[in-house]
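Engineer: Starting off with a structure, shown below.
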Amino acid sequence: MKESGDCMKQFKPLALLLCLLLMLGVFSACGKTATEDTTPADSSTSAAEAQTQTAEAAKDAKSESGAAAETKAAKDTKGESAAAADGATENKATETQPSEQGKKETTDMEHTKVKFTMENGGTFTMELYPEYAPKTAENFIRLVKSGYYSGTTFHRIYPGFMAQGGEGADTPSIKGEFASNGFSQNTLSHTRGVVSMARTTVKDSASSQFFICYDDATFLDGDYAAFAKVIDGMDTVDAFCEIERVSNGFDRVPTSPVEDIVIQSAEIV
């Protein structure tokens, strides 16, 4: 028994050492597990990921805000442009209105009226439209003021078509103000009562002779310089057709009056 006790005494320190070593191993394992769960590397990775996600979120938010800002800016710019355009349109309309109004007033003032008195007492009045054929109207007014038409006749009466007059002494030719002669401004159509310039086959040969349409003769549009219209006394012009006529050699029907149809006077009224 004494030997057994001595043996136990010899193994007791060894047992204590083994126990101590075992306990250190357990603590070491626990410490390692705890350390792995809270490793700074992992924490930094999580923080980096969080930071990256936050940065990306911020970037997305910034991008959306930027897009929204750009959209708003574009919208504002568009709005400003639209406002500017509206303003410009309004200003243009404001600027144009007086101009058009002025043009109308000027045109009205330039619508000279000429009264013709026939030798038999009949009268008719025509209104000139210089906005269609300015040089033609100017030339006609000059001839009227000079007394040129007094004593001239209507020498060609074509019922259903026209009455032509104003033949007299030679006068300077004027430019033919009609489309086929390069003058597109003249859009006055040859309808009943419209006055136009007679000419030869030469486009710039009109001088003093004019004709008054009895009926619509729109086939003449663009080839003859219409410049006025009879606004009163068309019945006087219609009465020319009641006078007997003979053939003039080139019209399809007799058009030369056997009695002179004389213009006693033409004056500005």
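Engineer: Please report, in debye to the nearest 20, how large the charge dipole of the stretch 111-268 is about its Cα centre when each Lys and Arg carries +1 at its beta carbon and each Asp and Glu carries -1 there. Numbers along the way, then the final one.
Structural biologist: Numbers: 13 positive and 21 negative charges, 90 e Å.
Dipole of the stretch 111-268, to the nearest 20 debye: 440 debye.
Engineer: May I ask you to sort D221, D238 by Cβ crowding, counting other Cβ atoms within 10 Å and putting the fewest first?
Structural biologist: On the way: D221 19, D238 14.
Ordered by Cβ neighbours within 10 Å, fewest first: D238, D221.
Read the figures in this text as sums done on the coordinates, not as results from a lab. Treat the numbers as computed from the prediction; the structure is a model and nothing was measured. Quick reminder, even Gly has a Cβ in these numbers, built from the backbone with ideal geometry, and neighbours come from all protein chains shown.
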